[in-house]
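Inspection log for the structure reproduced underneath, given as structure tokens.
The values are calculated or read from the model by the stated rules, or taken from the named source; none is laboratory data. Keep in mind that what you see is a predicted model, and the values were worked out from it rather than measured. Note that we place each Cβ from the backbone using ideal geometry, even for glycine, and neighbour counts take in every protein chain shown. Protein only, heavy atoms only, side chains kept; ligands, DNA and RNA dropped before computing areas. Shrake-Rupley method; radii C 1.70, N 1.55, O 1.52, S 1.80 Å.
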Amino acid sequence: MDATATAARPKPTASATLPAGDPKIVAKDVNVYYAEKHALKNVSLDIPERAVMAFIGPSGCGKSTFLRCINRMNDTIASCRVVGSIKIDDQDIYDPSLDVVQLRARVGMVFQKPNPFPKSIYENIAYGPRIHGLARSKAELDEIVEQALRKASLWNEVKDRLQDTGTGLSGGQQQRLCIARAIAVSPEVILMDEPCSALDPIATAKIEELIDELRQNFTIVIVTHSMQQAARVSQRTAFFHLGVIVETGPTERIFTSPNDKRTQDYITGRFG
Amino acid sequence: MAMTDHIVSSFDADLQTLGDKLAEMGGLCEKLVGESIEALLRRDIPLAKRVIEWDRSIDRLQHEIEENGILTIAKRAPVAIDLREVVAALRIANDLERIGDLAKNIAKRVVALEGQFQPPKLAGGVAHIADLTLAQLKEVLDAYTQRDERRAMEVWKRDGDIDALYNSLFRELLTYMMEDPRNIGFCAHLLFCAKNIERIGDHATNVAETVYYLVHGEAVTDERPKGDLAGAAISYD
Ligand SMILES: Nc1ncnc2c1ncn2[C@@H]1O[C@H](COP(=O)(O)OP(=O)(O)O)[C@@H](O)[C@H]1O
Ligand SMILES: [Mg+2]
């Protein structure tokens, strides 16, 4: 092994892992309170477009809280107060004149436990496009349903039983159904809160494969407790701890040489 | 040291085992390099044969470190400093295994030299380069144990000295060969031994780079220091 070659090797640059262009989402000094509890403290973060950003950190550190800020899901929690600014494509999503229903169509969400409606597979997908008026005919709606199921890599498994109930599918299939449902309204951003935590390794692998495909067209933010999953699926990672973002950067760097000791202790399993 | 305090304590134990085996291997390597040179300078054939025999222990340790390292990766999926610890152990074990081979090659030449005309003054230059290389090897292994990348980089910077010394030794031995053809056989053997020693220095430099990577998480980017290349006309293996 001739080591002179390695000695001259240039440092990896961040641009190798970072998509070019302006960030899709820019959060500045976001603070979130649940009544008296200060759950997020001065969180500022850029989220790149058409890439996967992973949020990691111990339970209760505010990952889901921040995720819910991005589509204003926190509005539905009475005690919750959000301060600061979050912009998507330069538009302030907390602007009072903004249509929240419209926002949630642009920013889809997939939860930890698959939660299909107790309706047919077809209806699970068709519901969103129908209420948002995305289809002018039955044929168009059929097309949207098929495309969403295809993008979610579920079409081949369900195309012959679209009228069966969604809750009859396996856990992994249900989660892909939920992803298809999120995709069907043509969102720009997809938020995923521990989407694989209820799934077995095979179903998890399929979701990860899917996430990798979806990032060609969507901006994806995923909360995960699996360090390996974050390392596998994301291009950037943010580490949350006690309501603050301790460190954010290219995933490769976070998992090979994090800058902050708290990040290192967490990802290497040194505190709980 | 960085390898303690995991929530899963058997992970610490895995890393500790790797570290212990590597320390054992490093110690053995220093011993073999030292003794192969001693055997050469004193023409001690029984010692040379022992070196050849001991090299197997180094090979065995390298296999064990490799198996343990791979198993740790499979079981624990280490990241960050833990991943670098395992990768560094695998890399250093590799370099040490090569160093063991080079010491064994020197010892084999000692055995082959038996009965040849051997003017003692000729070996002086080899003793000098050997001292320097052995010091480098000791220092870099200490730097690894201490996770002290500054000491490692000092070793790294000094590798050029060994190269330069090798090149001047090369010229010196050529002169002896021209002076008296009876010197040729012995000098040629010495030259190969010196080349082996110079390569041991290169592996010590590899270890220094690994220590740097272990501490900083990135590769050394500067060009490696080189002695002048006059002797590079002969290269073998
Ligand atoms: N609906 C809520 N009401 C009151 N406190 C909440 C609510 N949701 C979250 N919290 C608190 O906010 C903090 C952050 O929670 P969360 O964002 O769910 O963390 P994570 O997703 O990182 O586990 C926790 O201390 C949690 O108890
Ligand atoms: Mg959560």
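Scanning the range A:227-243 for residues that are more than 20 Å from residue A:42 (Cα to Cα) and away from ligand 1 (no atom under 15 Å from the Cβ) turns up A:228, A:229, A:231, A:232, A:233, A:234, A:235.
Residues in the range B:66-106 that are within 13 Å of chain A (Cβ to nearest Cβ) and of a type in the set (Val, Ile, Thr) were compared, and the one that is nearest to residue B:37 (Cα to Cα) is B:99. When residue A:38 is tested against (1) away from ligand 1 (no atom under 14 Å from the Cβ); (2) at pLDDT 95 or above; (3) open to solvent by 50 Å² or more (accessible area, probe 1.4 Å), exactly one condition is not met: (1). Listed by first and then second residue, the pairs linking a residue in the range B:210-221 that is within 12 Å of residue B:153 (Cβ to Cβ) and within 7 Å of chain A (Cβ to nearest Cβ) to a residue that is open to solvent by 20 Å² or more (accessible area, probe 1.4 Å) and part of a helix (DSSP H, G or I), with Cβ atoms under 6 Å apart and 6 or more places separating them unless they lie on different chains, are B:220/B:212.
In the range A:234-272, the residue that is farthest from the other protein chains (Cβ to nearest Cβ) out of those that are part of a helix (DSSP H, G or I) and among the hydrophobic types (A, V, I, L, M, F, W, C) is A:254. One residue stands out in the range A:1-22 among those that are open to solvent by 80 Å² or more (accessible area, probe 1.4 Å) and modelled with pLDDT of 50 or more: the one that is farthest from the other protein chains (Cβ to nearest Cβ), namely A:22. Checking every residue in the range A:221-233 against the condition of being more than 14 Å from every other protein chain (Cβ to nearest Cβ), buried (at least 20 other Cβ atoms within 10 Å of the Cβ) and either more than 16 Å from ligand 2 (Cβ to nearest atom) or not β-branched (Val, Ile, Thr) (or both) gives at least one match. Inspect all residues belonging to the range A:49-60 and state whether any of them is surrounded by fewer than 16 Cβ atoms within 10 Å (Cβ to Cβ) and within 6 Å of ligand 1 (Cβ to nearest atom). Yes, the range A:49-60 has at least one match. With respect to residue A:215, is the statement that it is surrounded by fewer than 23 Cβ atoms within 10 Å (Cβ to Cβ) and within 14 Å of chain B (Cβ to nearest Cβ) true? In short, no. Could you say whether any residue in the range B:46-65 is among the charged types (D, E, K, R), open to solvent by 10 Å² or more (accessible area, probe 1.4 Å), in contact (Cβ under 8 Å) with a residue 12 or more places away in the chain and within 14 Å of another protein chain (Cβ to nearest Cβ)? Looking for residues that are among the charged types (D, E, K, R), open to solvent by 10 Å² or more (accessible area, probe 1.4 Å), in contact (Cβ under 8 Å) with a residue 12 or more places away in the chain and within 14 Å of another protein chain (Cβ to nearest Cβ), one finds none in the range B:46-65, hence no. Of all residues in the range A:197-212, those that are open to solvent by 10 Å² or more (accessible area, probe 1.4 Å) and of a type in the set (A, V, I, L, M, F, W, C) total 5. Here the condition is being among the β-branched types (Val, Ile, Thr), more than 14 Å from ligand 1 (Cβ to nearest atom) and touching a Pro at 6+ places or on another chain (Cβ under 8 Å); of A:110, A:100, it holds for A:110 alone. The listed residues are B:201, B:185, and the only one of them that is within 13 Å of chain A (Cβ to nearest Cβ) and in contact (Cβ under 8 Å) with a residue 24 or more places away in the chain turns out to be B:201. Only residues that are over 11 Å from residue A:111 (Cβ atoms), open to solvent by 10 Å² or more (accessible area, probe 1.4 Å) and either touching a Leu at 6+ places or on another chain (Cβ under 8 Å) or within 16 Å of ligand 2 (Cβ to nearest atom) (or both) were counted in the range A:180-195, giving 2. In the set (1) touching a residue at least 12 places away in the same chain (Cβ under 8 Å); (2) open to solvent by 50 Å² or more (accessible area, probe 1.4 Å), residue A:142 fails one condition alone, (1).
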